[in-house]
There are 2 protein chains.
Amino acid sequence: MLEYIILGFLMREEMSGYDLKQWMINCTSYFFDASFGSIYPALKRLEKKGYIKSSEVVESSKFKKIYSITHMGKSHFLTWLEKPIIFSKTKQEHLVYFYFYQYLPKERAILNLKTFIIEVESLLNQLSKEKSDVEESYNVNQYTFLYSTMVYGVNYYQFIINWCNDLLKQIEGEKV
Amino acid sequence: MLEYIILGFLMREEMSGYDLKQWMINCTSYFFDASFGSIYPALKRLEKKGYIKSSEVVESSKFKKIYSITHMGKSHFLTWLEKPIIFSKTKQEHLVYFYFYQYLPKERAILNLKTFIIEVESLLNQLSKEKSDVEESYNVNQYTFLYSTMVYGVNYYQFIINWCNDLLKQIEGEKV
DNA sequence: CAGTCCATGTAAGAAGTTACATGATTCT
DNA sequence: AGAATCATGTAACTTCTTACATGGACTG
């Protein structure tokens, strides 16, 4: 995942490992963050694979290693981005995809959003059913915390679906 | 985290590694899950530390290794559970804590919930401010996806706070 | 009698973190 | 002059997953 985040940031402009960390802190830290100990080795790997290239510069009397994305890197990134979003139940990884959907053709973004909604709806229906079963079988007041986490789950899935639908309306409403 | 989940499940009743996996699938998979490859080694570690003990039984002609929690394991688990909940921005780990809050004294549960709410409120305020800055500085229609992920973030934090407040009301309203 | 489920376990590898090491520059 | 920030990097470690290996019991 980290390697794709890096490529995604480099789609915008070339920058150093340190700059990447700053962007993460400022822009994505509420759903994704990484340490220097993983950023620098990731940059080395990406360069070795030919997805990025570096140039050592001295900017305002500070040594910097500026990385830029290659044609191969761009196509590698877009191939990944256009694949269906895998919903992780335990992490907020889906936001990583949406954050970079600016680089996807509108039609593809709409298609993937719809596929994603269907996947989350399926999970919502499963959990909703389990929640109903619990409501029927037990006195939920005796299991406040267990039941509340189920309520959390159901409402969380619904929240994601609503947000996706809002986003869908917005993109579909935009002038081509 | 996995070791505490296992201890939490064993607080209810003794069970095998296989049973633990079934409980995760049925009950916690929407916020936590683990593979056999991590469950079995975790059980070995926990037994080595003296937090659980095992007995090999043949139940309905099937070999099983049943684990039960020790006094030391219980106190180790409760010591962890009563500590302040660390909010992970990228994972749903806070639900793990709440799921087992049935084992915490009511007053402690209320205190930790309130502390947690304050932490999430602080994150909400930060992100809200950043969102306002973006709204002032840019035409958000040109950055639909970047802006939408921010809206997601703000609403997600608000969702958690609302859920916590509902839970708080419920526990406080319950007869002692 | 083949397939699925029950049941336990290991080995290799993925993907990160924390802590450390280094050194220049800028701020107070 | 000392602290904070800028900037890159490595080593050891943590914590998981995937894939494999094994074998008995049940099911159609």
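The values are calculated or read from the model by the stated rules, or taken from the named source; none is laboratory data. Everything quoted here is computed from the prediction, not taken from an experiment. Cβ: placed from backbone, ideal geometry, glycine included. Neighbour counts: every protein chain shown. Just so you know, the surface numbers come from the protein's heavy atoms only, side chains and all, with ligands and any DNA or RNA stripped out. Shrake-Rupley method; radii C 1.70, N 1.55, O 1.52, S 1.80 Å.
Once amide H atoms are placed 1.01 Å from N in the peptide plane, what residues at a sequence separation of 5 or more from A:S16, or on another chain, have their amide H within under 5 Å of its amide H?
For A:S16, the qualifying residues are A:Y67.
Suppose we keep just the alpha-carbon trace of the stretch B:105-173; what are its Rg and Dmax in angstrom?
15.6, 51
Could you tell me how many degrees, from 0 to 90 and to the nearest 10, lie between the Cα long axis of helix A:144-173 and the main elongation axis, the longest principal axis, of the Cα atoms of chain A?
In chain A, helix A:144-173 runs at an angle near 60 degrees to the longest axis.
What's the local net charge at A:K49, with K and R +1, D and E -1, over the other residues with C-beta under 14 Å away? If you can, show how the numbers build up before the last one.
Details: positive: A:K44, A:R45, A:K48, A:K53, A:K74; negative: A:E3, A:E47.
Summing Lys/Arg as +1 and Asp/Glu as -1 gives +3.
Would you look at the GNM of chain A, springs on alpha carbons closer than 10 Å, and say which of A:Q92, A:Q142, A:Q126 moves the most?
A:Q142
7 Å along Cα→Cβ for the label point: how many nanometres lie between B:Y4 and each equivalent label in the other copies, listed shortest first?
Between copies, matching label points for B:Y4 lie 2.9 nm apart.
With no solvent and one equal point scatterer placed on each C-alpha of chain B, evaluate the Debye formula and give log10 I(q)/I(0) for q = 0.08, 0.16, 0.17 Å⁻¹, two decimals.
Calculated log10 I(q)/I(0) at the listed q: -0.36, -1.00, -1.07.
Is the stretch B:2-84 best put as rounded, prolate or oblate by its Cα gyration tensor, with a ≥ b ≥ c the root eigenvalues, rounded for a/c under 1.5, and otherwise prolate when a/b is larger than b/c, oblate when not? If you can, show how the numbers build up before the last one.
On the way: a/c = 1.86, a/b = 1.22, b/c = 1.53.
Oblate shape, in that a/c is at least 1.5 and b/c is the bigger or equal ratio.
Applying the Karplus parametrisation 6.51 cos²θ - 1.76 cosθ + 1.60 with θ = phi - 60° to the phi angles of the stretch B:24-38, what ³J(HN,Hα) value in whole Hz is obtained for each residue in order, glycine and proline being reported as x?
Once θ is set to phi - 60°, the couplings for the stretch B:24-38 become 5, 4, 7, 10, 10, 4, 7, 9, 7, 8, 9, 8, 4, x, 10 Hz.
Quick one: label points 7 angstrom along Cα→Cβ at A:S61, distances to the other copies in nm, smallest first?
Here A:S61 shows inter-copy label distances of 8.5 nm.
Pop out the Kirkwood hydrodynamic radius of the stretch B:51-124 from its pairwise C-alpha distances, inverse of mean 1/r, in Å to one decimal. Before the final figure, lay out the partial values.
Working: mean 1/r = 0.0680 Å⁻¹.
After inverting the mean inverse Cα-Cα distance, the result is 14.7 Å.
Seen from all sides and averaged, what is the projected area of the convex hull of the Cα atoms in the protein assembly as shown, in nm²?
On the way: hull surface 90.1 nm².
With every direction weighted equally, the projected area is 22.5 nm².
If you average 1/r over every pair of different alpha-carbon atoms in the stretch A:30-71 and take one over that average, what Kirkwood value in Å do you get?
Working: mean 1/r = 0.0858 Å⁻¹.
The Cα-based Kirkwood calculation yields 11.7 Å.
Run through the stretch A:32-108 and list the chymotrypsin sites (Phe, Trp or Tyr not before Pro) located in a DSSP loop whose Cβ has at most 10 other Cβ atoms within 10 Å. Before the final figure, lay out each step's value.
Values: sites: A:F32, A:F36, A:Y51, A:F63, A:Y67, A:F77, A:W80, A:F87, A:Y97, A:F98, A:Y99, A:F100, A:Y101, A:Y103; in loops: A:F32, A:Y51, A:F87, A:F100.
For chymotrypsin sites (Phe, Trp or Tyr not before Pro) across the stretch A:32-108 that sit outside H, G, I, E and B with at most 10 neighbouring Cβ atoms in 10 Å, the list is empty.
Using θ = phi - 60° and the Karplus relation 6.51 cos²θ - 1.76 cosθ + 1.60, list the HN-Hα couplings for the stretch A:93-107 in order, rounded to whole Hz, with x at every Gly or Pro.
3J(HN,Hα) across the stretch A:93-107, in whole Hz: 5, 4, 5, 4, 4, 4, 4, 9, 5, 4, 8, 9, x, 3, 5.
Tell me which of B:C27, B:S61, B:L2 sits at the most positive position along the dipole axis of the stretch B:2-84, charges placed on C-beta atoms (Lys, Arg +1; Asp, Glu -1).
Checking the options against the dipole of the stretch B:2-84, the answer is B:L2.
Can you give me the C-alpha center-to-center distance between the stretch B:105-144 and the stretch A:137-171, rounded to a whole angstrom?
19 Å
How large is the dipole of chain A about the Cα centre if only Lys and Arg carry +1 and Asp and Glu carry -1, each at its Cβ, rounded to the nearest 20 debye? Walk me through the numbers before you get to the answer.
Details: 21 positive and 20 negative charges, 157 e Å.
Dipole about the Cα centre, nearest 20: 760 debye.
Provide the FRET efficiency to the nearest 0.05 for the B:N155-A:K74 pair, computing r from the beta carbons and using R0 = 41 Å.
Details: r = 32 Å, r/R0 = 0.78.
After rounding, the FRET efficiency stands at 0.80.
On a straight-distance basis, which aspartates and glutamates could pair with A:K131 in a cross-link, Cα separation under 18 angstrom, same-chain partners fewer than 8 positions away excluded?
A:E121, B:D166
Would you look at the GNM of chain A, springs on alpha carbons closer than 10 Å, and say which of A:I69, A:I118, A:I161 moves the most?
A:I118
A:K48: which lysines have alpha carbons under 22 Å from its alpha carbon, excluding same-chain residues fewer than 8 sequence positions away?
A:K21, A:K64, A:K65, A:K74
In the neighborhood of A:L104, defined by Cβ-to-Cβ distances under 12 Å, what is the net charge if each Lys or Arg adds +1 and each Asp or Glu adds -1?
Numbers: positive: A:K83, A:K106, A:R108; negative: A:E82, A:E107.
Taking every other residue near A:L104 into account, the sum is +1.
Using only atoms on other chains, find how many Cβ atoms lie within 10 Å of each Cβ of peptide A:92-100 and report the average. Don't jump to the answer; show the numbers that get you there.
Values: counts 9, 2, 2, 7, 2, 2, 6, 6, 3.
Mean shielding count: 4.
Loop by DSSP (not H, G, I, E, B), at most 12 other beta-carbon atoms within 10 Å: where is the longest site-free stretch of chain A for GluC sites (Glu not before Pro)? Before the final figure, lay out the partial values.
Working: sites that count: A:E13, A:E174.
Longest gap between qualifying sites, sites excluded: A:14-173.
Using a 1.4 Å probe on the protein heavy atoms, what percent of the accessible area of the stretch B:30-168 belongs to carbon and sulfur? Let's see the in-between values first.
Values: 3850 of 7140 Å².
Here it works out to 54 percent.
Specify the angular offset, from 0 to 90 degrees and rounded to the nearest 10, of the alpha carbon long axis of helix B:71-81 from the longest principal axis of the alpha carbons in chain B.
With both axes taken from Cα atoms, the answer is about 0 degrees.
Report, in deg cm²/dmol and to the nearest 500, the calculated mean residue ellipticity at 222 nm for chain B, where each DSSP H run with n ≥ 4 adds -39500 (n - 2.57) and the sum is divided by the residue count.
Dividing the helical sum by the residues of chain B leaves -20500 deg cm²/dmol.
If you put a point 7 Å past Cα along the Cβ direction, how far is that point for B:K169 from the same point in each other copy, in nm, smallest first?
For B:K169, the inter-copy label distances come out at 2.6 nm.
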